[in-house]
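Nothing in this text is a laboratory measurement; each read-out follows from the coordinates by a stated rule. This one's a predicted model, so the numbers in the text were calculated from it and none came from an experiment. Here the Cβ is made from the backbone with ideal geometry for all residues, glycine too, and neighbour counts use every protein chain on show.
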Amino acid sequence: MSVSDLTPLEFDQKHLWHPYTNVVKPGPTFVVKESEGMYITLDDGTRLIDAMSSWWCMMHGHRNPAITHAIHRQLDTLPHVMFGGLTHDPAIDLGRKLLEVSPDSLTRIFYCDSGSVSVEVAMKMAVQYQHAMGFVGRSQFATIRSGYHGDTWKAMSVCDPDTGMHHLFQGALSVQHFVSRPPIRINEDWTDDPARNGLAELRQVLEASADKIAGFILEPVVQGTGGMYFYHPEFLNQARALCDELGILLIFDEIATGFGRTGELFATGFCNVEPDILCLGKGLTGGHISFATTMTNDRVAEGVGGGNPGIFMHGPTYMANPLACAAAKASLDLLTGQDWKGTVGAVAEQMKAELAPARSYENVADVRVLGAIGVIEMKHRVSADEAHARAREMGVFLRPFGTNVYTMPPFITTPDQLSEITAGMLRLAREL
Ligand SMILES: *Cc1c(COP(=O)(O)O)cnc(C)c1O
């Protein structure tokens, strides 16, 4: 059979790789024809509420008019131009907006293509900074277990060593230093006992290899892909002090948590400290086009710049793509132009109330909500395809991973739509 005889879906199954799939034994996929607001529409006309915000990025809903208009306008004037030796208003306007909303000390912005790239950039920045300071041995990283930082080579090396891809690429990934995830959860009382709050172990690991470690990278407060785990922000304050003591840079990967998802604009809203380097992505363009940033403070920027060669060795082809900058600026304007805190708070309250019954289900280990993140943790792993099939019958798109049935709804959800999502989650928790 020739390629032209294949139906669209047959073509997809035979030729297109999907995330984390076997291309010769593909799982089910569904053709999406269009999207709007809370909904994606399949080719058979089925409309599904996108409870995943399309992997956590579509925070103002699909095909948001303010964002699509911004992209259209930009498309008609300057779709792209190289950023080497040239600049443009979309990059500058977005930069001003980012400085306005992000933690005060982060003053220098590097625009990247995707979240994983922003992590690569952050790690490179940390190594170049340490080299510039004369610490040429400092090229490794410390991180906490159960983390996720992306799928590119260096980012992969700081993902969880057990659930990540380490066993597959054993020997090929650089040496990194892992500590347990912070043991005290966000809703528990902090204890200053270092044996119980995770800091004894952190100190031990960082001190043992301080002359080799360039930076300590972590997802602040919320570990996403690694288990939807919410931990106590005091850990961040203490980690900051320890990093300062040992000359290690602190890197926050807020690709999943940034822009209000947790109920704070950034994790710095939960703690008293700021990172040296911050990675942002996912929701940055409201999910409309791939984009990310790595931001840093004057100390790191001046350190890198004062070293030899001084230049920072990174510069992607599509750096500061004007369409992406325009989308990001429009998305940030939408966010800050509304009572986002009230919106996310209302979503959180409703999810807490509506997911609570799952606590008494036999197969449920835990139910937790933080901001617009709602999680039912099961006692066993659930099949994403099976879950999707059942949720689809209820008009909701849910795609659990591991043991977690979860939602990160777009902020524009109505209470009724949110109730449909939580009803779908309760059904999965009962039946799977
Ligand atoms: C999704 C994610 C990444 C990777 O971003 P991509 O855009 O998929 O490359 C990195 N870190 C965290 C915390 C993420 O959630």
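Taking the Cβ of SER180 as the center, what net charge do the other residues with Cβ under 14 Å away carry, scoring Lys and Arg +1 and Asp and Glu -1?
Taking every other residue near SER180 into account, the sum is +2.
Per DSSP helix of 4 or more residues, -39500 (n - 2.57); summed, then divided by the residues of the chain. What does that give at 222 nm, rounded to the nearest 500?
Mean residue ellipticity at 222 nm (helix-derived): -11000 deg cm²/dmol.
For the pair GLN204 and ASP333, what calculated FRET efficiency results from E = 1/(1 + (r/R0)^6), where r is the Cβ-Cβ distance and R0 = 41 Å, to the nearest 0.05?
Once rounded, the FRET efficiency stands at 0.35.
Please order ILE71, ILE144 by the number of other Cβ within 10 Å, starting at the fewest.
ILE71, ILE144
Checking the a/c ratio against 1.5 first, then a/b against b/c, what shape does the Cα gyration tensor give for region 188-340?
Oblate, because a/c is 1.5 or more while a/b does not exceed b/c.
With only Lys, Arg, Asp and Glu charged, each at its Cβ (+1 for the first two, -1 for the last two), find how big the charge dipole of region 68-336 is about the Cα centre; round to the nearest 20 debye.
Charge dipole of region 68-336: 520 debye, to the nearest 20.
To make sure I understand, if each residue's beta carbon is the centre and we count other beta carbons within 10 Å, what order do ASP50, ASP76, ASP253, ASP113 fall in, fewest to most?
ASP76, ASP113, ASP50, ASP253
Please work out whether region 68-336 counts as rounded, prolate or oblate from its C-alpha gyration tensor, where a ≥ b ≥ c are the square roots of the eigenvalues and a/c under 1.5 means rounded, while otherwise a/b larger than b/c means prolate and anything else oblate?
prolate
Need the list of lysines near LYS212 for cross-linking: C-alpha distance under 26 angstrom, and skip anything on the same chain fewer than eight residues off.
In chain and number order, the partners are LYS124, LYS154.
Picking from SER4, HIS69, SER419, whose Cα lies most toward the positive end of the charge dipole for the chain (charges on Cβ: Lys, Arg +1; Asp, Glu -1)?
The one lying farthest along the dipole's positive direction is SER4.
How big is the shadow of the Cα convex hull of region 319-432, averaged over all directions, in nm²?
Over all viewing directions, region 319-432 projects a mean Cα-hull area of 8.4 nm².
Once each part is reduced to its C-alpha centroid, what is the distance from region 238-300 to region 310-371 in angstrom?
14
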